[in-house]
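Undergrad: Would you mind keeping the following structure in view while I ask a few things?
The values are calculated or read from the model by the stated rules, or taken from the named source; none is laboratory data. Owing to the predicted nature of the structure, the values given are computational and were not obtained by experimental measurement. Positions of Cβ are generated from backbone atoms using ideal geometry, with glycine treated the same way; all protein chains shown enter the neighbour counts. Remember, those area values only see protein heavy atoms, side chains included, never the ligands or the DNA or RNA. Shrake-Rupley method; radii C 1.70, N 1.55, O 1.52, S 1.80 Å.
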Amino acid sequence: MFVLPQSPPLSGPLVAFDFDGTLTVADSFTAFLRWRAGTAGWLTGLAALAPATARYLIDKDRGRIKAAAVAQFLQGVDALQLSEEAERFADQAWDRFMRPDALACWEDWGTKGAHRVIVTASPALTVAPFAQRLGAEALLGTELALDPDGRITGAFVGENCRGEEKVERLIRAYGPDAVLEAAYGDTSGDAEMLARAAHPGFRRFRQRP
């Protein structure tokens, strides 16, 4: 199972990218769950999630609805198996998923020697194959809890990596004095991270494959 480092030493200007909707055209975790479950499994799972979905419409707690989806679709799955499936999904989805203008910006920062970190609310385990292919210096994402046998429990380790939690992850990884040269995102869940950047980019990327 490939795991990107979370806090390697800074090798250049620190630049943070949200993943879903910023580097990609759609939510990668939802697409992965649907791909993995198949049509019948996906529809069955959605029906079972109806109570959690109804609660989300009231409390708007994205972390809770995501944890419910993890429990429904992934609970008991071996993490190594899931990692291998995530790699296959990334290989199949790449050409229809990644925004060309976002990739150009990513590569431009790379030529400038930037330390590019993906900061995402999606599980780090499922985003890791994309981050590896991008050549990311680090990946900060929601961490899935495992039982002693290395299987998905349906819970998270820590908080859903969204909103202020994205900033907290960056601080824990690089220290409170680290300067965020640039940051890119596309939703309110990226606002706090963008506010810390010298050069924020909100919904900067529009191109589709």
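Undergrad: Please report the orientation-averaged projected area of the chain, defined via the convex hull of its C-alpha atoms, in nm².
TA: Here the figure is 11.3 nm², rounded to one decimal.
Undergrad: Follow-up question, since we're still on this one. Convex hull volume of the Cα atoms in segment 128-167, per residue, in Å³?
TA: 95 Å³
Undergrad: Report, to the nearest whole %, how much of the accessible area of segment 37-179 belongs to carbon and sulfur atoms, 1.4 Å probe, protein only.
TA: Here carbon and sulfur together make up 52 percent of the probe-accessible area.
Undergrad: Run lengths n ≥ 4 of DSSP H only: what is the helix-derived mean residue ellipticity at 222 nm for the chain, with -39500 (n - 2.57) per run over all residues, to the nearest 500?
TA: Helix-only estimate at 222 nm: -15500 deg cm²/dmol.
Undergrad: Can I ask one more? Taking loop as defined by DSSP and a crowding limit of 13 other beta carbons within 10 Å, which trypsin sites (Lys or Arg not before Pro) in segment 89-179 fit?
TA: For trypsin sites (Lys or Arg not before Pro) across segment 89-179 that sit outside H, G, I, E and B with at most 13 neighbouring Cβ atoms in 10 Å, the list reads 112.
Undergrad: Any chance you could list the semi-axes, whole Å, largest first, of the equivalent ellipsoid that the Cα gyration tensor gives for segment 99-209, using √(5λ)?
TA: In descending order, the three semi-axes are 24, 17, 14 Å.
Undergrad: Using only Cα atoms, find the angle between the long axis of helix 79-97 and the longest principal axis of the chain, and express it within 0 to 90 degrees, rounded to the nearest 10.
TA: 60 degrees
Undergrad: Of 183, 47, 79, which is the most mobile in a GNM of the chain whose springs link Cα atoms less than 10 angstrom apart?
TA: Judging by the Gaussian network model, the answer is 47.
Undergrad: Equivalent-ellipsoid semi-axes (√(5λ), Cα gyration tensor) for segment 20-109, whole Å, largest first?
TA: 26, 18, 12
Undergrad: OK, next. Using only the alpha carbons, work out the radius of gyration and Dmax of segment 70-123 in angstrom.
TA: Values for segment 70-123 (Cα only, Rg and Dmax): 15.0, 43 Å.
Undergrad: Quick check for you: with a 1.4 Å probe and neighbouring chains kept, what is the accessible area per residue of segment 43-174, in Å²?
TA: Normalised by residue count, the accessible surface of segment 43-174 is 45 Å².
Undergrad: Work out the P(r) tail for segment 43-96: percent of alpha carbon pairs separated by more than 17 Å, whole number.
TA: Everything past 17 Å amounts to 52 percent.
Undergrad: Could you tell me what percent of the DSSP beta bridges with both partners in segment 83-175 are antiparallel, to the nearest 5?
TA: Bridges in segment 83-175 that DSSP calls antiparallel: roughly 40 percent.
Undergrad: Further question: Can you give me the angle between helix 28-48 and the longest principal axis of the chain, using Cα atoms only, in degrees from 0 to 90, rounded to the nearest 10?
TA: With both axes taken from Cα atoms, the answer is about 20 degrees.
Undergrad: In the chain, what % of DSSP beta bridges are antiparallel (nearest 5)?
TA: 20 percent
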